[in-house]
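Chemist: There's a structure below that I have some questions on.
The values are calculated or read from the model by the stated rules, or taken from the named source; none is laboratory data. None of the values given here were measured: they were computed from a predicted structure. Here the Cβ positions follow ideal geometry from the backbone for every residue, glycine too, while neighbour counts run over all protein chains shown. Side chains included, ligands, DNA and RNA excluded: accessible areas come from the protein's heavy atoms. Shrake-Rupley method; radii C 1.70, N 1.55, O 1.52, S 1.80 Å.
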Amino acid sequence: MDNFEVLRHMPIFGNLPEDQLRVLAECARQKSVRPGRLVFEDMERSPGLYLVVWGSVKIFKSSPEGKEQTIFVFGPGELFCLTAFVDEYTPANATALEDTRILYFPSEVMEGVAMREPSLVFGLLKALSRRLKEAMVLIESLSLKEIPQRLAAFLSHALESGGQGDTVELRFSQRELAKIIGATPETLSRVLRKLGDEGILSVSGRTIRILDRAALRAAASGEQAAA
């Protein structure tokens, strides 16, 4: 599928006229990334935005000792590295979690189209607002909540935003989920097992089925001890 056809099927570009879609399509560069390979490194010069065509990309920070904190995970149709509008250096690391295809757009081209098409501006504002909310939730979770609360809050948010009934389909491994909530894989396994024993959820690979939403919300708010 060529760039124009890819963009035509992405919701964020759905209201753009054909001529502006072609402007973006002509400047975009496609790249395939294997699982575990970096898209870019922290503070790398990369004055542009990225779009996930398929697959998934995680954004993370790492310490000199090698400890990682996952900040966002992006899937098909999502733009990332929106900071390119204000800074030509990337603010974190980005790596593919699975076989992934991305598109890269120079920020000045994206900005030029946005100035002509308000629908793209609103799309970008919505994306930025969603990222801000997710970042605030992450900060609150890591600084104020215990690990069981963090997991319950993550799953509650995934249910609200995923639209898949009572099931959360992870796009990444449980090891990556542990990094997102700031836990070790062993601790995550214990908490999942505890919530399962309490009848709150069941786990099968990357599929987590919520059996008791009210109890999950209570665990997220810290109204009950989940571990």
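Chemist: Just want the answer: with Cβ charges of +1 for Lys and Arg and -1 for Asp and Glu, which residue in Pro11, Phe60, Gly48 is farthest toward the dipole's positive end in the stretch 1-66?
Modeler: Highest projection toward the positive end goes to Phe60.
Chemist: Which value, in Å² and to the nearest 10, is the accessible area of Val203 when all protein chains are kept and the probe is 1.4 Å?
Modeler: Approximately 60 Å² of Val203 is accessible to the 1.4 Å probe.
Chemist: Tell me, rounded to the nearest percent, the portion of alpha carbon pairs in the chain spaced more than 30 Å apart. Walk me through the numbers on the way to the answer.
Modeler: Numbers: 7668 of 25651 pairs.
Everything past 30 Å amounts to 30 percent.
Chemist: Once you charge only the Cβ atoms, +1 for Lys and Arg and -1 for Asp and Glu, what is the size of the charge dipole of the chain about its Cα centre, to the nearest 20 debye?
Modeler: Magnitude of the dipole: close to 460 debye.
Chemist: Hey, another quick one. Sorted by average packing, counted as other Cβ atoms within 10 angstrom per residue and highest first, what order do 192-198, 214-220 take? Provide the component values of the computation, followed by the final result.
Modeler: Numbers: 192-198: 15.9, 214-220: 18.3.
Packing proxy ranking, top to bottom: 214-220, 192-198.
Chemist: What number, in percent, do you get for the relative contact order of the chain if the mean sequence gap of Cα pairs under 8 Å and at least 6 apart is divided by its residue count? Don't skip to the end; give the middle numbers.
Modeler: Details: 376 pairs, mean separation 42.7, N = 227.
Averaging sequence separation for qualifying contacts and normalising by length gives 19 percent for the chain.
Chemist: Using a Förster distance of 41 Å, how high is the FRET efficiency between Gln174 and Ser119, based on the Cβ-Cβ distance and rounded to 0.05?
Modeler: Details: r = 38 Å, r/R0 = 0.94.
Given R0 = 41 Å and the Cβ-Cβ separation, E is 0.60.
Chemist: Could you check the spin-label model distance between Ala158 and Asp197? Points 7 Å from the Cα along Cα→Cβ, value in nm.
Modeler: Between Ala158 and Asp197, the label points sit 2.2 nm apart.
Chemist: To continue, here is another question. Within straight cross-link reach of Lys194, meaning Cα distance under 30 Å, which lysines are found once same-chain residues fewer than 8 apart are removed?
Modeler: The reachable lysines, counting only those whose Cα sits under 30 Å from Lys194, are Lys58, Lys61, Lys67, Lys133, Lys145, Lys179.
Chemist: Under a crude label model (7 Å from the Cα following the beta-carbon direction), how far is Asp87 from Asn15 in nanometres?
Modeler: Using points 7 Å along Cα→Cβ, the separation is 3.0 nm.
Chemist: Nearest 20 debye, what's the magnitude of the dipole of the stretch 116-227 about its Cα centre given +1 on Lys and Arg Cβ and -1 on Asp and Glu Cβ?
Modeler: Numbers: 17 positive and 13 negative charges, 71 e Å.
Computed charge dipole of the stretch 116-227: roughly 340 debye.
Chemist: Tell me, what % of the accessible area of the stretch 74-206 is carbon and sulfur with a 1.4 angstrom probe? Kindly include the intermediate steps, with their values, before the conclusion.
Modeler: Details: 3600 of 6600 Å².
Accessible surface attributable to carbon and sulfur in the stretch 74-206 totals 55 percent.
Chemist: For the peptides 107-116, 175-184, what is the packing order when you average, over each peptide's residues, the other Cβ atoms within 10 Å and list the highest mean first?
Modeler: Values: 107-116: 16.3, 175-184: 18.9.
Result, highest mean first: 175-184, 107-116.
Chemist: Now, a different point. Go through 99-106, 128-135 and give me the packing order, highest mean Cβ count within 10 Å leading.
Modeler: Listed from highest to lowest mean packing, they are 99-106, 128-135.
Chemist: How much accessible area per residue does the chain have, counting only protein heavy atoms and a probe of 1.4 Å, in square angstrom? All intermediate terms of the calculation are to be shown ahead of the outcome.
Modeler: Numbers: 11960 Å² over 227 residues.
Roughly 53 Å² per residue, with all protein chains present.
Chemist: Between Leu142 and Asp99, what is 0.36 nm times their sequence separation minus the Cα-Cα distance? Round to one decimal in nm.
Modeler: Values: separation 43, 0.36 × 43 = 15.48 nm, distance 2.93 nm.
In short, 12.5 nm is gained.
Chemist: Between Arg45 and Asp166, what FRET efficiency follows from the Cβ-Cβ distance if R0 is 35 Å, with the result rounded to 0.05? Don't jump to the answer; show the numbers that get you there.
Modeler: Working: r = 45 Å, r/R0 = 1.27.
FRET efficiency, Arg45 to Asp166: 0.20.
Chemist: Using the Kirkwood formula on the Cα atoms of the stretch 1-62, what hydrodynamic radius do you get, in angstrom to one decimal?
Modeler: 13.5
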